[in-house]
Amino acid sequence: MAKEVSGQKIIEVFESFSPKNLAVEGDKIGLQIGTLSKSVKRVMVTLDVMENVVDEAIEKKVDLIIAHHPPIFRPLKTVTTDGATGRIVEKCLKHDIAVYAAHTNLDVTKGGVNDLLADALGIKDTAVLAPTGEEALKKLVVFVPKSHANEVRHALGTSGGGHIGNYSHCTFNTEGKGTFLPLEGTDPYVGTTGELHEEEVRIETVFKASDEKNIIRAMKKTHPYEEVAYDVYDLSQKGEEYGLGRIGKLEEETTLGEFAERVKRVFGVSGLRVVGNLQDKVRKVAVLGGDGNKYMYTAKFKGADVYVTGDLYFHVAQDAMNVGLNVIDPGHHVEQIMKQGVTDKLTALFKDENILCEVFPSEEDTNPFHFM
């Protein structure tokens, strides 16, 4: 039976998908308004937290807003209701709506904003465009009775353990003698109180450090012992690279003009800006959601035929033209693709966790621009 949960639990589940440690240094992420120490039944996902979005949340009786763009990005000197920011804060507090922001961690994470953009454009075999770090790895060693070894191995694999390259559920297993003496007052799953017991399987698996809570929780949930014997080790080798943007290839070569039309159609924009000759052939594509000006040369260095990003500066556009890099700027707002993407991800995670909580995307438009 599904259960109601607190805001802390909702965010714990969300951060299993988009952990805070992936955010760039100094990013304004996390809880920004309200409290998570309450029951949460309705979650709304939005790109921006503007006043019309908060009004929508009030109307739909939302308990928690998960946003990509932090509503409080610069320090507030005052909070007055004469301005939009003050009214946003006031309305959220008055109606007990918590606001949580996941910014660059949602850009970086696998399945996050940049993967959603790349998938929508049909970019295949993607790699990170601008690395920001490498995933730390750990190893779990747990001792399990033979009867439950398969169940525990499966739980570890489905929660992220044992992923090495294109392989999952990788473990190493050794049968051995694990003696223990159940003392008075215990209720051992195997063995008898006051008698030594043997026969166990030692299971070893590697996992991403960011998955540790999920791994340990899954292991304990399926392990039959009252007291689980396990060890966690830090590993010197690093896991896969993570970072901002993605770069990969289209299935078939096309022209810059044709690809620009695809960008318009996929993201539902009525206009965009293009740098380059519309007849140029393009196949290798770099994409970075939001403001990607500082990574223009990175896209060029990595061999992109075209770079899709937002908020392109005039002089950066000239520099791109000078180095022979085609650029398409469909605007910052195409990141709204995260609304449905995060909704789908959370819906699946809530189902896995047996959590009773409705999640849906905001329907309000927060794009300040119109093409004439």
The stretch 274-338 - percent of accessible surface contributed by carbon and sulfur, probe 1.4 Å: 55 percent
Alpha-carbon centroid distance for the pair the stretch 200-268 / the stretch 70-113, whole angstrom: 28 Å
Inter-site label distance for LEU278 and ASP96 at 7 Å from Cα along Cβ, in nm: 5.6 nm
DSSP-assigned coil residues among GluC sites (Glu not before Pro) in the stretch 15-51, each with at most 11 further Cβ atoms within 10 Å: GLU25
Scattering curve values for the stretch 215-372, log₁₀ I(q)/I(0), Debye with Cα scatterers, q = 0.08, 0.09, 0.17 Å⁻¹: -0.38, -0.47, -1.03
Percent of C-alpha pairs per 5 Å bin, the stretch 271-331, short to long: 4, 21, 37, 28, 9, 0
Residues of type aspartates and glutamates that LYS9 reaches as a straight line, Cα spacing below 15 Å, ignoring anything fewer than 8 places off in the same chain: ASP63, ASP352, GLU353, GLU358
For the chain, calculated [θ]222 nm from helices alone, where every DSSP H run of n ≥ 4 adds -39500 (n - 2.57): -8500 deg cm²/dmol
The stretch 228-304: GluC sites (Glu not before Pro) falling in loop per DSSP and having at most 16 other Cβ within 10 Å: none
Kirkwood Rh, angstrom, the chain [1 / mean 1/r, Cα pairs]: 23.2 Å
Within the stretch 7-51, trypsin sites (Lys or Arg not before Pro) in DSSP loop having at most 16 other beta-carbon neighbours inside 10 Å: LYS28, LYS38, LYS41
Considering only the stretch 224-372, percent of DSSP beta bridges that pair antiparallel, nearest 5: 55 percent
Distance in nm between pseudo-label sites at SER39 and ASN21 (7 Å out along the Cβ direction from Cα): 3.4 nm
Linear extension gain, LYS238 paired with ALA348, 0.36 nm per residue minus alpha-carbon span: 36.7 nm
Percent RCO, i.e. relative contact order, over the chain, from Cα pairs under 8 Å lying at least 6 residues apart: 20 percent
Whole-percent carbon and sulfur share, accessible surface of the stretch 1-121, 1.4 Å: 52 percent
Of all DSSP beta bridges in the chain, antiparallel share, percent nearest 5: 65 percent
Span from the the stretch 119-169 Cα centroid across to the the stretch 278-339 one, whole angstrom: 32 Å
Over 15 Å [Cα-Cα, the stretch 313-372], rounded percent: 67 percent
Accessible area in square angstrom per residue, the stretch 217-338, 1.4 angstrom probe: 52 Å²
Debye equation applied to the C-alpha atoms of the stretch 1-108, log10 I(q)/I(0) at 0.18, 0.23 Å⁻¹: -0.87, -1.32
Normalised contact order of the stretch 89-220, rounded percent, pairs of Cα under 8 Å and 6 or more residues apart: 27 percent
Estimated vicinal HN-Hα couplings, Hz - the stretch 56-71 in sequence order (Karplus 6.51, -1.76, 1.60; Gly, Pro = x): 4, 5, 5, 4, 8, 6, 7, 9, 9, 9, 10, 10, 7, 8, x, x
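The values are calculated or read from the model by the stated rules, or taken from the named source; none is laboratory data. This is a predicted model, so every value here is computed, not measured. Here the Cβ is made from the backbone with ideal geometry for all residues, glycine too, and neighbour counts use every protein chain on show. For the accessible areas, the whole protein counts, side chains as well, though only heavy atoms, and no ligand, DNA or RNA atoms are used. Shrake-Rupley method; radii C 1.70, N 1.55, O 1.52, S 1.80 Å.
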